[in-house]
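The values are calculated or read from the model by the stated rules, or taken from the named source; none is laboratory data. Please read all numbers here as calculations on a predicted model, not as lab measurements. A quick note on method: Cβ atoms are made from the backbone with ideal geometry, for glycine too, and the neighbour counts reach across all protein chains shown. When the accessible area is computed, the model is the full protein with side chains, heavy atoms only, and any ligands, DNA or RNA have been set aside. Shrake-Rupley method; radii C 1.70, N 1.55, O 1.52, S 1.80 Å.
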Amino acid sequence: ARTRRCFVYADVNATAATEIYSTSLNDASGDCLATVHGEADVAFRASSHPDDPRLVVRRLPDIAWAVYCSQNYANTHGYPSDITKLARHAIIEIEGAMRALPGYQWFISHADTARTISRSNTVPNMNAVLQSGLGVGMLPCSVGDLEPALIRCFDPPDEMRAEFWMVTSQEAQSNAQV
């Protein structure tokens with residue numbers, strides 16, 4: 001249903017270029033809190049070091065993020081072959097907790113936010129919006145590279161790497177099943 005809705009947005013965009021479409025799902029920022037309250041045994045976070053003293057964290061390998069767009073978008077508008085060309089394109093911004101990622105801050109500093117066409121607060125939602133052809137945005141390479149409808153605009157720069165953490169509560173850590 002999300003992808004279908006995004007395709008409707010792409011059709012609407014052709015006639016209403018000044019509108020910004022904001023799509024959102026449940027924000028992932030509550031994952032660590034859910035872990036503390038026992039609602040989840042383990043959470044995975046792409047963020048800076050979670051600093052809640054009630055959590056046990058282990059750093060995992062960093063995640064590479066890159067800039068993507070759909071093949072349809074690239075056929076119509078071209079695509080940014082490097083970060084300096086980003087400002088010429090319709091931008092899909094990130095909302096919510098992912099907005100604090102240093103890689104996103106670097107990405108958005110090169111964009112013309114006046115050209116923002118959509119905002120998304122989760123990776124699956126961003127994936128669907130990008131596939132709809134609305135514009136250019138960022139995804140983890142582990143997601144974007146697996147999508148045949150998307151193209152990676154340029155190699156992931158070091159500035160777009162994100163720390164990745166496995167998070168659990170102190171209580172769950174003592175459970176042999178976890």
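Quick look at the values:
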item	result
Any chance Gly103 is of a type in the set (Gly, Ala, Ser), at positive phi and in contact with a strand residue (DSSP E or B) (Cβ under 9 Å, 6 or more places away or on another chain)	no
Candidate set from the range 118-159 (those that are β-branched (Val, Ile, Thr) and within 13 Å of the chain's Cα centre (by Cα)); member that is farthest from Gln71 (Cα to Cα)	Thr122
Count of residues meeting criterion [over 11 Å from Cys153 (Cβ atoms) and open to solvent by 20 Å² or more (accessible area, probe 1.4 Å)] in the range 56-89	17
Residue list for the range 90-107, restricted to those being modelled with pLDDT of 90 or more, surrounded by 18 or more Cβ atoms within 10 Å (Cβ to Cβ) and not hydroxyl-bearing (Ser, Thr, Tyr)	Ala90, Ile91, Ile92, Glu93, Ile94, Gly103, Phe107
Cross-chain or 6+ apart pairs with Cβ under 9 Å, the range 43-62 first and under 8 Å from Glu163 (Cα atoms), then open to solvent by 100 Å² or more (accessible area, probe 1.4 Å) and modelled with pLDDT of 85 or more	His49/Arg59; Asp62/Arg161
Condition check for Arg115: at negative phi, in contact (Cβ under 8 Å) with a residue 24 or more places away in the chain, open to solvent by 50 Å² or more (accessible area, probe 1.4 Å) and within 15 Å of the chain's Cα centre (by Cα)	no
Residues within the range 75-102 that are in contact with an Asp or Glu (Cβ under 9 Å, 6 or more places away or on another chain), of a type outside the set (Gly, Ala, Ser) and part of a helix (DSSP H, G or I), tallied	6
Pairs with Cβ under 9 Å, 6+ apart, first in the range 144-163 and more than 18 Å from Ala46 (Cβ to Cβ) and open to solvent by 80 Å² or more (accessible area, probe 1.4 Å), second among the polar types (S, T, N, Q) and at pLDDT 95 or above	Pro148/Gln71
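Let's see how each residue does on (1) over 30 Å from Asp41 (Cβ atoms); (2) assigned to a helix (DSSP H, G or I); (3) in contact (Cβ under 8 Å) with a residue 24 or more places away in the chain:
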| position | (1), (2), (3) |
| --- | --- |
| Ile108 | yes, yes, no |
| Asn125 | no, yes, yes |
| Gln131 | yes, yes, yes |
| Leu134 | yes, no, yes |
| Asn175 | no, no, yes |
